[in-house]
Every structure is written in C-alpha cells, then in structure tokens.
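J.: One structure coming up, written as structure tokens, with questions to follow.
Values in this text are rule-based calculations from the coordinates and carry no lab data. On a predicted model such as this, the values are computed, not experimentally measured, just so you know. Note that we place each Cβ from the backbone using ideal geometry, even for glycine, and neighbour counts take in every protein chain shown.
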Amino acid sequence: MDQITFHHDTVLSDVHMHLPGARHLMTRLNSVGQPVFVSRFKVLVEGHDDSDRGKVLDQKEKLSDPQGDTKTSPCQDEEKDGEGNVEPFLDEDGDLDVPHRPRENSVVGGRDLVCPVILKQSSPVIELEECEEEEEDRCSKGVLRIEHTMATPLEDVGKQVWRGALLLADFILSKPELFRGSTVLELGAGTGLTSIIMATTATRVYCTDVGEDLLRLCTRNISLNKHKIEPAGGEVRVKHLDWLQHSLCTDAGVEFSWTEEEVADLYDNTRFIVAADVCYDDDLTDGLFRTLYRLCSSFTHSCTVFISLEK
C-alpha cells in the first residue's frame with residue numbers, strides 16, 4: 001500500500017464559501033500551478049469571560065420564560081410519568097442526531113460574526129490596500145493570515161482550511177494551561193493554522209504532513225504569523241511525516257526531514273498529539289491509527305491525543 005488513488009471530484013471547504021463582502025485575489029500560483037489565496041482570521045479571546053457570558057445567557061432565558069421555574073418541559077413531564085424512554089432520532093447514516101437548543105441571533109455581550117476575508121481581483125488600488133492591511137495585521141496580535149487554495153482534488157484537501165481546524169484551535173485557546181510549555185505533534189497539519197495557534201502556548205510544535213508544496217505552504221503561513229508565535233516564546237518546526245511509512249525520514253538531503261536530535265526530542269518530550277479533519281479516506285485513516293499506535297508505543301511517557309472531526 002505505497003500509493004493511494006482517489007476517485008472523487010474536487011471539494012471546497014465551507015470555511016471558504018458564502019463570505020459576506022469578501023474580495024478574492026489570487027496572491028500567487030504554487031509550484032503545481034494551483035491558485036493560492038489568503039484569508040484573515042480574527043482570534044477573539046481577550047475581554048470575553050465565559051462565566052459572564054453564561055450569566056447573560058441564563059438571565060436572558062429567565063426573562064424569556066415568564067413562568068420561571070414553574071414551567072416544565074414535555075421531557076420533564078414524561079420523566080415524571082415514567083414514560084421518558086423516547087426512541088432517539090437518527091440521521092440518514094443511522095447515527096444519533098442530537099437535538100440542540102436553537103441559538104439566539106443576538107446575545108447581549110456576545111461576539112460579533114467574524115468571517116475570514118479573501119481578496120478579489122488584482123488592481124493597483126487593491127494591492128495598495130493589501131499592503132496597508134498586511135501592516136495592520138502585523139500590529140494586531142489577534143489576526144491570523146493563512147494562505148490556502150480553494151477547490152482541490154481530495155488528495156490536496158490539506159491545502160484548504162477546514163472547520164475541524166477551527167474547532168481544534170478554539171479548544172486550544174480555551175485551555176491554554178493544558179498545553180503550556182509542552183512539546184506537541186500535529187499530524188496532517190495542512191495549512192498549519194492549528195500548529196500556529198498551539199505555538200502561542202506550547203513550547204515546541206512539530207507541524208507535520210506530506211508533500212513538499214504543502215509543507216512549504218505551512219512554512220510560509222508560520223512566517224506570516226510570527227507576530228503571534230514569537231511573543232509567546234513558541235516554536236513551530238515543519239516536518240515530513242507519512243502515515244504510510246514505518247519510520248521518520250532522516251535523510252539530510254530531503255527537505256523537511258528529521259534530524260537525530262529532533263527524533264529524540266519527539267520520542268522523549270511529546271505530551272500531546274493533535275489532528276484536525278484527518279479522517280476522510282479509509283486507507284489513510286488506517287494509516288493514521290497505525291502511526292498513532294507506533295508513535296505512542298515508542299514514547300518514553302504517556303501521551304494524550306486530541307482529534308477533531310467535521311460531521
């Protein structure tokens with residue numbers, strides 16, 4: 001199983017779709033001739049207290065329910081009557097479809113909707129605006145600039161930004177103390193967005209994937225976002241790691257190969273392994289879990305694995 005052939009049409013992440021007021025500007029062509037775009041992601045962390053937001057939500061629910069605690073839901077009535085064993089709802093795949101409480105469109109103290117901005121057509125005016133926006137991004141610690149492609153064949157989906165990466169990044173930002181000072185390995189890093197966020201709290205992040213063009217894209221994105229990584233004292237190292245191979249590439253003549261010191265550091269110090277939206281092909285998924293088993297079995301201590309999936 002040295003080579004995998006995909007038989008699927010091109011795919012486009014919904015992160016890059018339906019952007020209100022977006023402009024689209026192809027910044028360059030990558031080495032395989034694919035258009036590369038840039039998106040900006042604003043990180044909303046400071047000034048948002050989850051406990052206060054919870055209080056606001058709780059107060060709004062009480063205000064919207066004039067009967068207060070005296071009103072009971074049908075589910076509560078069924079439980080009291082001993083008839084709470086309701087058959088669960090299943091989706092078309094037979095998976096449990098969990099009902100969610102509908103979100104209010106506007107919540108007092110809530111966050112404004114922020115979409116990534118993609119640039120539209122090249123002109124001297126827009127290029128000047130782009131230079132000004134780049135300077136603003138360097139001054140703003142809360143903005144990430146991520147280069148990516150748009151619609152790609154399935155084998156190149158790592159060059160797009162997917163919702164699972166945003167979910168994992170949000171999880172990291174919500175628990176910075178968990179990862180602080182750690183050595184972290186990301187598998188299937190794609191554009192490197194999650195590794196960049198991880199480097200704001202972890203000491204060292206090994207950002208891994210396959211394909212020289214994709215790894216160069218990671219390297220470029222890390223360089224574009226040094227303003228977030230360097231003040232935190234973090235470090236991101238982009239490396240080649242193929243789930244279908246049984247060992248790490250240590251050939252000094254190969255770009256993005258591992259040094260002996262890095263291999264030793266990986267096995268001795270890695271505390272966390274993270275991956276986002278990496279389960280989309282059966283053979284690759286098998287390779288992923290074989291890689292996880294092989295790595296974790298070789299580590300000198302226990303390791304926690306976090307995998308985010310887009311349903």
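J.: May I ask you to compute the full-extension gain from E92 to S223, defined as 0.36 nm times their residue separation minus their alpha-carbon distance, rounded to one decimal in nm? Could the numbers behind the result be given before it?
T.: On the way: separation 131, 0.36 × 131 = 47.16 nm, distance 4.33 nm.
That works out to 42.8 nm of additional length.
J.: List, in the order given, every pair from K42/K175; K228/K311; K42/K311; K239/K311 whose Cα-Cα distance in the structure shown is over 22 Å. All intermediate terms of the calculation are to be shown ahead of the outcome.
T.: Values: K42/K175 18 Å; K228/K311 30 Å; K42/K311 24 Å; K239/K311 28 Å.
The pairs that break the limit, which is 22 Å between Cα atoms, are K228/K311; K42/K311; K239/K311.
J.: For region 259-300, max minus min Cα coordinate along each principal axis, in Å, sorted largest first?
T.: 32, 18, 17
J.: Beta carbons within 10 angstrom, averaged per residue: use that to sort the peptides 225-236, 209-220, 246-257, highest first.
T.: Numbers: 225-236: 17.2, 209-220: 19.8, 246-257: 11.9.
Ranked by mean Cβ neighbours within 10 Å, highest first: 209-220, 225-236, 246-257.
J.: Here is a follow-up. Using the Kirkwood radius over Cα pairs, work out the Stokes-Einstein diffusion coefficient for region 183-311 at 4 °C and 1.567 mPa s, in µm²/s as a whole number.
T.: Working: Rh = 14.8 Å.
Result for D is 88 µm²/s.
J.: Something else: If packing is taken as the average number of other Cβ atoms within 10 Å across a peptide's residues, how do 289-299, 151-161, 179-189 rank, most packed first?
T.: Numbers: 289-299: 14.0, 151-161: 19.5, 179-189: 22.3.
Going by the mean number of other Cβ atoms within 10 Å, highest first, we get 179-189, 151-161, 289-299.
J.: Would you mind checking which residues have amide H under 5 Å from V305's amide H? H placed 1.01 Å from N; only 5 or more apart, or other chain.
T.: Amide H neighbours of V305, under 5 Å, 5+ apart: I273.
J.: Quick one: 3J(HN,Hα) in Hz for region 236-250, Karplus 6.51/-1.76/1.60 with θ = phi - 60°, rounded, Gly and Pro as x.
T.: Rounded to whole hertz, the list is 10, 10, 8, 9, 7, 9, 9, 5, 8, 9, 8, 8, 7, 7, 10.
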